[in-house]
Amino acid sequence: MESELKYIKQTTNKICYMILPQGIREDLDNGLEKLADKHCVSIVVIEDVNWNDDLTPWPAEGVFKKAKPFGGQAGVFLDKLTRDIIPEAEKHLDIEKPERTILGVSLSGLFVVWSAFNTDAFTNIISISGSLWYDGFVDWTKKNTPSPSIKKVCMLLGEKEKLAKDKRMATVEECTHAADDILREKTSASIVFELVEGTHFSPIMPRLERVFEVVYGKPT
């Protein structure tokens with residue numbers, strides 16, 4: 001069965017897979033077109049994602065009152081991504097020898113950092129407001145080794161995210177700093193971690209523009 005994918009095609013081998021929160025996808029359509037054109041990067045937006053289950057590496061309690069627990073099915077989703085979604089997308093776009101980037105926001109930002117330790121499929125990792133506060137995640141990264149295929153990592157976090165009312169989420173800045181240190185210690189990748197203006201992935205468009213500049217460079 002084919003996946004639900006949105007394609008923005010360019011004529012290079014650079015391709016960015018994006019897993020975006022549903023609430024911002026429609027608002028970004030025009031912005032993503034401009035980003036793709038500016039940096040000459042094909043973009044694939046992956047839309048058929050069970051947010052709380054597919055993007056979390058192991059089960060954990062939900063963060064809000066009466067919230068469903070997280071399902072911890074990231075391993076299953078990563079297998080679908082590498083076995084089905086990526087081949088389908090690159091066949092559709094007619095891309096050979098791709099330079100793959102994976103970009104996530106919030107829980108998908110957690111997923112993409114976790115994926116750096118679990119697959120050789122990607123060259124670049126982009127995490128915007130990644131939920132690196134997730135239970136046990138930092139300790140897990142200390143015990144595991146990132147893929148040597150990773151060349152660039154870019155993580156952005158809003159300056160106000162540490163002010164979250166939920167105690168777990170309020171540790172996000174501390175945890176992202178810790179993950180940054182671990183990645184620098186364990187890889188030879190170029191790593192950028194920046195605190196930027198705003199709250200949890202808002203404003204989003206300036207952050208997308210910034211991470212594309214970090215990973216792909218400023219267009220001449």
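The values are calculated or read from the model by the stated rules, or taken from the named source; none is laboratory data. Source: prediction; values computed, not measured. We place every Cβ from the backbone using ideal geometry, glycine too, and count neighbours over all the protein chains shown. The accessibility values were calculated without ligands, DNA or RNA, using every heavy atom of the protein model including side chains. Shrake-Rupley method; radii C 1.70, N 1.55, O 1.52, S 1.80 Å.
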* Filter result for the condition that a residue is without any contact (Cβ under 8 Å) to a residue 60 or more places away in the chain, more than 16 Å from residue 190 (Cβ to Cβ), charged (D, E, K, R) and in contact with a strand residue (DSSP E or B) (Cβ under 9 Å, 6 or more places away or on another chain), over 159, 88 -> 159
* In this structure, is residue 210 closer than 19 Å to residue 123 by Cβ, more than 15 Å from the chain's Cα centre (by Cα) and in a helix (DSSP H, G or I)? -> no
* Report the residue count in region 66-82 for those that are open to solvent by 40 Å² or more (accessible area, probe 1.4 Å) and under 19 Å from residue 116 (Cα atoms). => 6
* Residue check for residue 124: polar (S, T, N, Q), in contact with a helix residue (DSSP H, G or I) (Cβ under 9 Å, 6 or more places away or on another chain) and farther than 30 Å from residue 11 by Cα -> no
* To do: Could you tell me whether residue 174 is of a type in the set (D, E, K, R) and open to solvent by less than 30 Å² (accessible area, probe 1.4 Å)?
  => no
* **Leading residue by the ranking (most open to solvent (accessible area, probe 1.4 Å)) among those in region 129-163 that are in a helix (DSSP H, G or I) and among the hydrophobic types (A, V, I, L, M, F, W, C)** => 163
* Structure fact -> Exactly one of 63, 105 is among the β-branched types (Val, Ile, Thr), at pLDDT below 95 and open to solvent by less than 40 Å² (accessible area, probe 1.4 Å), and that residue is 63
* Asked: Residue check: is residue 77 assigned to a loop (DSSP other than H, G, I, E, B) and at pLDDT 95 or above?
  -> no
* To do: Tell me, yes or no, whether region 34-47 has at least one residue that is touching a strand residue (DSSP E or B) at 6+ places or on another chain (Cβ under 6 Å) and open to solvent by 20 Å² or more (accessible area, probe 1.4 Å).
  => no
